[in-house]
Amino acid sequence: MVSVNLGLVHYVLDHIYGTLLHRTKLGTPFFSKGWGGTKLDLLEKMVKQLFPEARCQNWPPTAVQPMWKTVWETNNSCLREGVFRTTCDERLIDALPPESHNARVAFLTPKNVTPEKMSCVVHLAGTGDHTFERRLRLGGPLLKNNIATMVLESPYYGQRRPSMQRGAKLQCVSDLLLLGKATIDEARSLLYWLQNEAGYGKMGICGLSMGGVHAAMVESLHPTPVATLPFLAPHSAVVPFCEGVYKYATAWDALRKDAAVLTQDVTLLAEDAAQKSGITIEQVRDRLRSVLSLTDVTRFPVPKNPQAVIFVGATDDGYIPRHSVMELQKAWPGSEVRWVTGGHVSSFFLHNDAFRKAIVDALDRL
């Protein structure tokens with residue numbers, strides 16, 4: 001009789017999936033157009049300004065008044081989609097691609113219940129989540145608990161994706177920081193609108209993978225307690241891009257050439273500049289690690305009510321190692337970590353019930 005280590009199977013499946021998706025030459029890698037030049041300089045300065053006394057910085061956020069249309073309606077629930085102009089700083093709007101200037105949301109609500117007797121959870125996108133559907137499927141069954149679901153489409157994704165971008169592969173390092181900063185600003189504005197304009201009771205925010213990182217950042221910067229659910233999320237973007245599967249999908253040579261051009265005569269060709277500068281791939285990796293350390297959630301303020309924060313990690317995650325999840329709990333004493341059996345990819349499909357239970361439990365702690 002041959003015994004099978006299911007944990008190892010899940011871990012290997014993550015790497016097989018990652019190999020097929022990221023290590024083949026079939027698609028464009030991340031950051032194929034380099035660092036982003038002056039945009040990256042701007043983003044580094046703006047993100048650094050979030051620390052350390054930023055909880056009430058820029059609060060209240062820029063107001064939003066979404067333009068709504070009803071997608072469908074039944075006796076018990078209603079799905080609407082809304083559009084509003086991104087609430088970013090004007091300097092960031094200029095840096096964003098035109099396609100990302102208008103934000104889109106889907107809003108699934110129970111009927112026959114007043115907002116003050118309901119909760120609402122904002123769901124943020126993971127890497128490659130270009131549509132509303134997966135997150136609506138996660139939130140749909142929560143209607144019976146009088147929990148509404150608001151799904152935000154991230155910049156660079158879905159209808160907000162630049163025409164020259166292929167899939168989820170961002171073209172510049174600056175795009176990753178722009179995506180994150182815009183998502184945080186828009187989510188903060190949505191939470192404010194839900195609570196102060198729409199009149200909802202308890203508030204929550206969640207996200208899978210990259211969306212979980214953004215959810216943790218939003219909660220950290222929010223002046224009042226919010227139930228927070230980072231699912232399968234690392235403590236920093238350094239983990240997937242410099243240590244995990246995404247390092248095989250990163251255009252290291254393009255980053256090396258771009259870094260060299262920035263330090264050499266602009267008339268030189270990229271390849272000539274790279275050879276003349278002597279910049280190594282290892283130095284490029286160190287530079288990317290330094291830039292992405294700005295996304296380290298452990299550097300953000302501790303939430304007002306860490307007991308309402310539940311991290312959910314996968315026991316055999318090939319993308320996000322266990323130590324990265326534990327870094328989050330260590331930084332936020334009083335928060336809880338739950339584990340689901342499986343890998344990163346399989347948990348997306350197998351553990352929605354566990355994610356929903358975490359949402360209900362976190363809201364109950366407010």
_Per-residue counts of other Cβ atoms within 10 Å, averaged by peptide: what ranking do you get for 323-330, 108-115, highest first?_
323-330, 108-115
*Would you mind getting the accessible area per residue of the chain, heavy atoms of the protein chains only, 1.4 Å probe, in Å²?*
43
*For segment 280-366, what relative contact order do you get, as a whole percent, if you take Cα pairs closer than 8 Å and at least 6 residues apart?*
32
*Karplus couplings for segment 361-366 from phi (6.51 cos²θ - 1.76 cosθ + 1.60, θ = phi - 60°), rounded to Hz, Gly and Pro as x?*
5, 5, 5, 5, 8, 7
*When you count, for each residue, the other Cβ atoms within 10 Å and take the mean per peptide, how do 220-228, 134-142 rank with the highest first?*
220-228, 134-142
*In straight Cα distance, which lysines are under 25 Å from LYS257, not counting same-chain residues fewer than 8 positions off?*
LYS25, LYS33, LYS39, LYS45, LYS169, LYS247, LYS276
*Quote the FRET efficiency, to the nearest 0.05, computed for THR280 versus ASN112 with a Förster distance R0 of 51 Å and r equal to the Cβ-Cβ distance.*
0.20
*asked:* Tell me the angle of helix 252-263 to the major Cα principal axis of the chain, expressed in degrees between 0 and 90 and rounded to the nearest ten.
replied: 70
_Within a Gaussian network of the chain (alpha carbon springs, distance under 10 Å), most fluctuating of PHE132, PHE349, PHE241_ = PHE349
*asked:* Checking the a/c ratio against 1.5 first, then a/b against b/c, what shape does the Cα gyration tensor give for segment 326-366?
replied: oblate
*Which percent of the accessible area of segment 149-257 is formed by carbon and sulfur heavy atoms (probe 1.4 angstrom)?*
47
*With the contact rule set at Cα under 8 Å and sequence spacing of 6 or more, what percent relative contact order holds for the chain?*
21
*What residues qualify as long-range amide H neighbours of THR86, i.e. H under 5 Å apart, gap of 5 or more or another chain, H built at 1.01 Å from N?*
ASN102, ALA103
*What are the residues whose amide H is under 5 Å from the amide H of GLN171, where those residues sit 5 or more places off or on another chain and H is modelled from the backbone?*
PHE31
*Gain on full stretching of the segment that runs from ASP89 to TRP72 - 0.36 nm per residue minus C-alpha separation*: 2.7 nm
*Go ahead and set up a Gaussian network model of the chain, Cα springs under 10 Å, then flag whichever of ALA63, ALA237, ALA103 fluctuates most.*
ALA63
*Which residues' amide hydrogens lie under 5 Å from the amide hydrogen of VAL122, considering only partners 5 or more residues apart or on another chain, with H built in the peptide plane?*
MET150, GLY204, ILE205, CYS206
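The values are calculated or read from the model by the stated rules, or taken from the named source; none is laboratory data. Not measured: the values here are computed from a predicted model. Cβ coordinates were reconstructed from backbone atoms using ideal geometry, including for glycine residues, and neighbour counts include every protein chain displayed. Only protein heavy atoms, including side chains, enter the accessible area calculation; ligands, DNA and RNA are left aside. Shrake-Rupley method; radii C 1.70, N 1.55, O 1.52, S 1.80 Å.
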